[in-house]
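Engineer: Got a structure for you, questions after.
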Amino acid sequence: MSKINKTLLSFLSPILFFSCSSYPHLETVPYVDLEKYLGKWYEIASFPQSFQKGCNCTTAEYSLSPKGYIIVTNKCNRDSIDGRTTRAEGKAFIDEGTGNAKLKVQFFWPFRGKYWIIELAEDYSYAVVGHPNREYLWILSRNPKMDKSIYKMLLERIEKKQFDISKLQVTEQCE
């Protein structure tokens, strides 16, 4: 098994197998317009994950494939903002009947992780993606920097959803 596959397996295993029973149901946004959601997002903060160790300038780009799934391209610079750029490409599949707010992301077959959009700006300028086990969380923005008042408001909302915001790590972004 390649190093990349081992890294992805270490990421996806907890997503697939952690029990969510100790937490109340995690509400997602009611509807996501995929055309507006597609494009480039900058990671503002996240719960540190082993597959992101040493990442700076982290971005995610979403595009629609001709076959109807979403192509996910994650990039980051390793160990510094000027470090070597690495990328991982995967697929995202919409859970039917969720208003496009719940997806399953697959970086290699057959493993799929939950990708739930739990906060979304009306103008699609920011999004928060989480997992019902509260162990995975990403704050995303269309810009590399987020207004402090918006960030603070998101922290308050995330905490009300029973995420441990003390685990959030701000991502250093390239400008």
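Engineer: I'd like the full set of residues that are surrounded by 12 or more Cβ atoms within 10 Å (Cβ to Cβ), hydroxyl-bearing (Ser, Thr, Tyr) and in contact (Cβ under 8 Å) with a residue 24 or more places away in the chain, limited to segment 32-84.
Structural biologist: Within segment 32-84, Tyr37, Tyr42, Ser46, Thr58, Tyr62, Tyr69 meet the criteria.
Engineer: Taking the stated definitions as given, is Ile71 under 29 Å from Glu159 (Cβ atoms) and either of a type outside the set (Gly, Ala, Ser) or in a strand (DSSP E or B) (or both)?
Structural biologist: no
Engineer: Another question about this same structure. Which of (1) more than 16 Å from Glu43 (Cβ to Cβ); (2) out of contact with any Lys or Arg (no Cβ under 8 Å at 6 or more places or on another chain) does Ile139 not meet, given it meets every other one?
Structural biologist: (1)
Engineer: Are any residues in segment 115-145 more than 16 Å from Val105 (Cα to Cα) and among the small types (Gly, Ala, Ser), and if so, which ones?
Structural biologist: Within segment 115-145, Ala121, Ser125, Ala127, Ser141 meet the criteria.
Engineer: Here's another thing I want to ask about it. Farther than 18 Å from Gln49 by Cα, of a type in the set (Ser, Thr, Tyr) and outside any helix (DSSP H, G or I) - does that describe any residue in segment 85-100?
Structural biologist: Looking through segment 85-100, at least one residue is farther than 18 Å from Gln49 by Cα, of a type in the set (Ser, Thr, Tyr) and outside any helix (DSSP H, G or I).
Engineer: Turning to a different aspect of this structure: Among Phe111, Phe107, Phe11, which is touching a strand residue (DSSP E or B) at 6+ places or on another chain (Cβ under 7 Å), buried (at least 17 other Cβ atoms within 10 Å of the Cβ), at pLDDT below 95 and not small (Gly, Ala, Ser)?
Structural biologist: Phe107
Engineer: So if I check each of Glu119, Glu159, which one is among the acidic types (Asp, Glu) and under 20 Å from Thr58 (Cβ atoms)?
Structural biologist: Among Glu119, Glu159, only Glu119 is among the acidic types (Asp, Glu) and under 20 Å from Thr58 (Cβ atoms).
Engineer: Take the residues of segment 151-175 that are surrounded by fewer than 18 Cβ atoms within 10 Å (Cβ to Cβ) and among the β-branched types (Val, Ile, Thr): which is nearest to the chain's Cα centre (by Cα)?
Structural biologist: The residue in question is Val170.
Engineer: Only residues that are of a type outside the set (D, E, K, R), part of a strand (DSSP E or B) and in contact with a Phe, Trp or Tyr (Cβ under 9 Å, 6 or more places away or on another chain): list them for segment 18-64, please.
Structural biologist: If the condition is that a residue be of a type outside the set (D, E, K, R), part of a strand (DSSP E or B) and in contact with a Phe, Trp or Tyr (Cβ under 9 Å, 6 or more places away or on another chain), then Gly39, Trp41, Ile44, Ala45, Ser46, Cys57, Thr58, Thr59, Ala60, Tyr62 are the ones that fit.
Engineer: Does segment 121-175 hold any residues that are within 23 Å of Cys76 (Cα to Cα), in a loop (DSSP other than H, G, I, E, B), hydrophobic (A, V, I, L, M, F, W, C) and out of contact with any Cys (no Cβ under 6 Å at 6 or more places or on another chain), and which are they?
Structural biologist: Met146, Leu168
Engineer: Scanning segment 61-95 for residues that are more than 15 Å from the chain's Cα centre (by Cα) and acidic (Asp, Glu), which turns out nearest to Thr28 (Cα to Cα)?
Structural biologist: If we take residues in segment 61-95 being more than 15 Å from the chain's Cα centre (by Cα) and acidic (Asp, Glu), then Asp95 is nearest to Thr28 (Cα to Cα).
Engineer: Still on this structure: Here is a list of conditions, (1) of a type in the set (Phe, Trp, Tyr); (2) under 14 Å from the mean Cα position of the chain (by Cα); (3) over 23 Å from Met146 (Cβ atoms), and Trp109 meets all of them except one; can you say which number that is?
Structural biologist: So Trp109 meets the others, but not (2).
Engineer: Go through (1) without any contact (Cβ under 8 Å) to a residue 24 or more places away in the chain; (2) surrounded by fewer than 21 Cβ atoms within 10 Å (Cβ to Cβ) for Val129 and report which single condition fails.
Structural biologist: (2)
The values are calculated or read from the model by the stated rules, or taken from the named source; none is laboratory data. Please read all numbers here as calculations on a predicted model, not as lab measurements. Note that each Cβ is placed from the backbone with ideal geometry, even for glycine, and that neighbours are counted across all protein chains shown.
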